[in-house]
Amino acid sequence: MEGIPITNIMLNDAMTMLKLTSRTFYIPISKLIPELREAVSSAYLCMRAIDEVEDDEKMPAPIKKELLLGVAEAMKSPNMEEALHQLWEPHRDALPEVTLRMNEWAQLCPAGIAPTVFNYIRMMAEQMSEWVGTSWNIHTEEDLDKYTYSVAGMVGEMLSDIWRWYDGTETDRDKAVAFGRGLQAVNIMRNRAEDLERGVDFFPDGWDLKDMLRYTRRNLKKADEYLADLKKGPARSFCQIPLSLAHATTNLIAIGGNKLTRDAVLKIVSKIK
């Protein structure tokens with residue numbers, strides 16, 4: 001990606017797409033300082049692009065696998081733009097804008113961290129293709145750990161690499177994985193009804209909501225430790241927002257709710273310094 005100048009238009013487009021696709025992450029990403037903002041927004045949008053493929057309810061599993069493995073290959077290609085264009089073109093009518101514009105999001109990533117970010121996107125795409133192939137076959141807590149690592153735990157690892165690249169911040173990798181896992185477990189609880197409707201059950205055999213709440217809170221506790229270990233700075237400021245929202249959503253789910261209101265989100269964010 002060397003030599004591609006990042007324009008205000010590219011960054012504005014990315015931030016607009018972030019706002020459309022994630023209320024949780026738009027806020028902390030928009031508050032990041034330059035370079036970090038480009039790196040994290042690039043990574044998030046690329047991962048969101050492949051997440052849309054994994055979650056597509058209408059697309060047949062073999063095509064999902066083909067596209068996800070195609071992304072993994074494109075991430076290694078010397079001509080990523082052309083590889084992604086060829087991959088998406090036959091399915092242009094079926095895919096959302098965030099996926100079709102994946103190459104634009106990739107171009108936003110600073111050259112110094114791009115190879116690392118692209119490697120995580122490659123790994124995530126490969127592991128997503130495996131989960132699609134098994135129809136998200138989750139029976140045990142170990143299976144759940146593997147899944148939450150594939151789609152979120154490795155995001156925690158990637159963020160740790162980004163923090164270290166930017167200013168030398170060192171983090172505990174296990175706690176970084178728990179940070180991602182905890183956020184994903186909240187999503188699993190929040191989206192349970194919709195997932196069951198499409199025939200996917202992320203709860204291990206015999207688990208009820210109380211079991212998933214325990215799993216979530218155990219990981220969020222480690223995520224709290226991850227945050228506490230971070231020195232004051234952009235990494236800590238970034239992680240504090242989604243983690244605070246995850247705790248609030250977990251508490252809401254525990255009493256029968258599901259989704260924080262916009263006002264509740266803004267209230268929580270306003271308290272974070």
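The values are calculated or read from the model by the stated rules, or taken from the named source; none is laboratory data. Just so it is clear, the structure is predicted and the values come from calculations on it, not from any experiment. All Cβ positions, even for glycine, are placed from backbone atoms using ideal geometry, and neighbour counts span all protein chains on display. For accessibility, only protein heavy atoms count, side chains too; no ligands or nucleic acids. Shrake-Rupley method; radii C 1.70, N 1.55, O 1.52, S 1.80 Å.
Counting Lys and Arg as +1 and Asp and Glu as -1, each charge on the Cβ, what is the dipole of the chain about the Cα centre in debye, to the nearest 20?
Magnitude of the dipole: close to 1400 debye.
So what is the relative contact order of the stretch 1-89, in percent, for Cα pairs below 8 Å that sit 6 or more residues apart?
The normalised contact order for the stretch 1-89 reaches 17 percent.
Within the stretch 120-207, list the trypsin sites (Lys or Arg not before Pro) lying in a DSSP loop whose Cβ has at most 16 other Cβ atoms in a 10 Å radius.
Within the stretch 120-207, the qualifying trypsin sites (Lys or Arg not before Pro) (loop, at most 16 other Cβ atoms within 10 Å) are Arg198.
At 0.36 nm per residue, and after removing the present C-alpha to C-alpha distance, how many nm does the segment from Asn79 to Thr261 gain when stretched out fully?
Difference between extended and current length: 61.2 nm.
For the stretch 165-273, what does the relative contact order come out to in percent, with C-alpha contacts under 8 Å and a separation of six or more?
Taking the mean separation of contacting Cα pairs over the length of the stretch 165-273, I get 34 percent.
Run the numbers on the chain and let me know its relative contact order in percent, using alpha-carbon pairs under 8 Å that are six or more apart.
Averaging sequence separation for qualifying contacts and normalising by length gives 19 percent for the chain.
As a test of reading the structure, rank Thr148, Thr24 by solvent-accessible area (1.4 Å probe, protein chains only), most first.
Ranked from most to least accessible, the order is Thr24, Thr148.
Tell me, what is the FRET efficiency for Ser270 and Ala228 to the nearest 0.05, using R0 = 25 angstrom and their Cβ-Cβ distance as r?
Efficiency, from the Cβ-Cβ distance: 0.70.
Hey, can you list the DSSP H helices of the chain whose Cα span along the axis is 15 Å or longer and whose average Kyte-Doolittle score is at least -1.0?
Taking the DSSP H segments of the chain (at least 15 Å long, mean hydropathy at least -1.0), we get 8-21, 36-55, 61-74, 114-133, 154-167, 173-190, 234-254.
How long are the semi-axes of the equivalent ellipsoid of the stretch 123-273, taking √(5λ) for every eigenvalue λ of the Cα gyration tensor, in whole Å from largest down?
On the way: eigenvalues 133, 84, 31 Å².
Sorted largest first and rounded, they come to 26, 20, 13 Å.
Strictly over 20 Å apart at the Cα level, which of Lys175/Lys231; Lys19/Lys259; Lys19/Lys222; Lys31/Lys271 would you flag in this model? Could the numbers behind the result be given before it?
On the way: Lys175/Lys231 15 Å; Lys19/Lys259 17 Å; Lys19/Lys222 28 Å; Lys31/Lys271 15 Å.
Lys19/Lys222, as the Cα separations exceed 20 Å there.
Compute the distribution of all C-alpha to C-alpha distances in the chain, in bins of 10 Å from 0, and list the percent of pairs in each, rounded to whole numbers.
With 10 Å bins starting at 0, P(r) equals 6, 29, 38, 23, 4, 0.
Arranged from highest to lowest average of other beta-carbon atoms within 10 Å per residue, in what order do the peptides 49-60, 75-86 appear?
So the order, starting with the most tightly packed, is 49-60, 75-86.
Can you compute the equivalent ellipsoid semi-axes for the stretch 176-227, i.e. the square root of 5 times each eigenvalue of the Cα gyration tensor, sorted largest first and rounded to whole Å?
22, 11, 7
Largest first, what is the accessible-area ranking of Leu220, Leu69 with a 1.4 Å probe?
Descending order: Leu69, Leu220.
Return the Rg/Rh value of the stretch 1-101, two decimal places, where both radii are evaluated on C-alpha atoms and Rh is the Kirkwood radius.
0.98
Which value, in Å², gives the accessible area per residue of the chain when a 1.4 Å probe is used on the protein heavy atoms?
That works out to 48 Å² per residue.
Calculate the radius of gyration of the Cα atoms of the stretch 21-159 to one decimal place, then report Dmax, the largest Cα-Cα distance, as a whole number, both in Å.
Expressed in Å, the Cα Rg and Dmax of the stretch 21-159 come to 14.7, 43.
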